[in-house]
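So the structure is just underneath, and the comments pick up after that.
The values are calculated or read from the model by the stated rules, or taken from the named source; none is laboratory data. These numbers were taken from a predicted model, which means no experiment stands behind them. A quick note on method: Cβ atoms are made from the backbone with ideal geometry, for glycine too, and the neighbour counts reach across all protein chains shown.
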Amino acid sequence: MLGTQLAELRGDALPGVGEALDLVAGLDETLVPGLARLTPERAAALGALAAAVAGTPLDDRVREAVEKIVAGSLGDEHLLALAAARTALLGAVHDALLARLDTALGRSRAAWTAPASSAGPTAGTENLRAGARSWLRELAITGWRGVDHDMVSGSAQTLESVLAEPRLRRLAVLLDGLAAELRTSCPVATLDRLPVRRWADLWSRALLLTEVGGWPGVPADGDRVSGRLLVLGVDVHEHGTAVQVQVHAVLEPAGGAPPRLVRTSVAAAKVDTIVGPAIWRLLRGYPVLLRALAERRAVEVTELPLLDGGDLVWHEDRARPGETVDPFATARLRLGPALAPAVPPLERHPVRIAEPVLLEGYTTTVAEGGSTVTLDLGGQVVGVDVDRLPTCGPLTPELVAASSACLGLVRWDGGSWTVQPFAVRYPAKRATAEAHTGDWALGLTDPKLVKAEAKAGDAVAVLRERAGRLLRK
């Protein structure tokens, strides 16, 4: 991404984006004290939300919902209307930002078309989805400030039932995560600051998932594709109880079709004591993918399902390692002409934007004791999101600061564009070296770190041995 391209991103603010986010914030702040405690200012915020979707298919439903809520009479359908209006506004912001980014990068993107068959509400799960809506309704009425241990505990039976239904796994995991965050924050009334936007995101998304069922707007199996997968880098999403690695790559389809930008992910459950390089041991069931990351190899894939949002459903038995490939060369030669995937309707949210880019020929600036790194590309400055650098790979803020080339994801967060690196090239002993997030996927490569890990012990092996002992009993 050249400085002139970056300048397009950092130009004038997009019209309407700030206003749309303000409307969303109005609803989010209303959820803090709860819908049972509406003040005239909060009621006006709901009215402004309804006015924003006037003339759209949501017009009548949202207007009626606001009237009922202000009058003190609300049902599940009214909360669903609010969640839909909020999601529509954030989707409009997402579309405007992504269009500007695509223009700046000269990137072509596939148009969204509704699939012929969709995984909608699943027969036989109506009671489970109604139970989930009941808990979400209670949260909205009470407000975040009113959440205590009793309210979170009251969701346990519903969560247990939803988690036991594989067809509602996506909804179940989201609800379980929200309940866990609320549980660790209880009593919420004593907190100085609340993650208002995040909790409102989870609440509204969960509500919509109780309506659409499984994976919204996506065929059950997707199209099936074969070809050569050229890995660009890997983004690691880590939580106390789970880890997911999301690989960004260029797919060269068999038969000579144009290259496509794709993602593929694998995940595993964990405990919060498994951190750093040890998390790769949880993913040993995917040796082909881990080898591709650690050895920077291409992967030959056969008949992998490709979902409408650009996600490949990974199957180890349909993949085999190919030759070694330089990710920087892949980005330089194939990233430009690759077709980016369309974004499914319910996935359109500003925080979802994470587009792979190659940055070269910049200078770096380090401030605040190394916690702030910026890249200057010919007078245009972009911040580096060093907080997203995972501890399971060799990438550090110091290496980013010393780098001359960077592969990463462009993101939009907090009103500005940033870059999250997943590979850098930097000078080392009169030559150049590279560091990639996935370098330790097959084990540590630094002898000092190997020695330190051996001394500390293998947490994964210990936990597996203890689990096996308990099962044998």
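Among the numbered conditions (1) in a strand (DSSP E or B); (2) buried (at least 20 other Cβ atoms within 10 Å of the Cβ), the only one that Thr365 does not meet is (2). Hey, any hits in segment 148-155 for a residue that's at pLDDT 95 or above and either farther than 28 Å from Val271 by Cα or of a type in the set (D, E, K, R) (or both)? No, every residue in segment 148-155 fails to be at pLDDT 95 or above and either farther than 28 Å from Val271 by Cα or of a type in the set (D, E, K, R) (or both). Quick check, is Ala269 modelled with pLDDT of 95 or more and under 30 Å from Leu90 (Cβ atoms)? Criteria not met by Ala269.
There is no residue in segment 339-356 that is under 21 Å from Ser404 (Cβ atoms), over 21 Å from the mean Cα position of the chain (by Cα) and in contact (Cβ under 8 Å) with a residue 24 or more places away in the chain.
Here is a check on your reading of the model: is Ala189 assigned to a loop (DSSP other than H, G, I, E, B), at pLDDT below 95 and not basic (Lys, Arg)? Here the answer is no, as Ala189 does not meet what is asked.
Just one residue in the set Pro427, Pro421 is within 17 Å of the chain's Cα centre (by Cα) and outside any loop (DSSP other than H, G, I, E, B); that residue is Pro421.
When Arg100, Arg107, Arg86 are checked against the criterion of being part of a loop (DSSP other than H, G, I, E, B) and in contact (Cβ under 8 Å) with a residue 12 or more places away in the chain, Arg107 stands alone in meeting it. Quick check on Thr330: is it modelled with pLDDT of 95 or more and buried (at least 20 other Cβ atoms within 10 Å of the Cβ)? Criteria met by Thr330. Give the number of residues within segment 45-76 that are part of a loop (DSSP other than H, G, I, E, B) and surrounded by 14 or more Cβ atoms within 10 Å (Cβ to Cβ). The number of residues fulfilling the criteria is 3. Restricting to segment 121-131, and then to whatever is assigned to a loop (DSSP other than H, G, I, E, B) and either polar (S, T, N, Q) or under 22 Å from the mean Cα position of the chain (by Cα) (or both), can you tell me which residue is modelled with the highest pLDDT? Residue satisfying both the conditions and the ranking: Thr125. On the stretch given as segment 286-338, residues that are part of a loop (DSSP other than H, G, I, E, B), over 26 Å from Ala114 (Cα atoms) and over 24 Å from the mean Cα position of the chain (by Cα) total 2. Assess whether Ala267 counts as being of a type outside the set (Ser, Thr, Tyr), assigned to a strand (DSSP E or B) and crowded, with 18+ Cβ neighbours inside 10 Å. So Ala267 fails the test.
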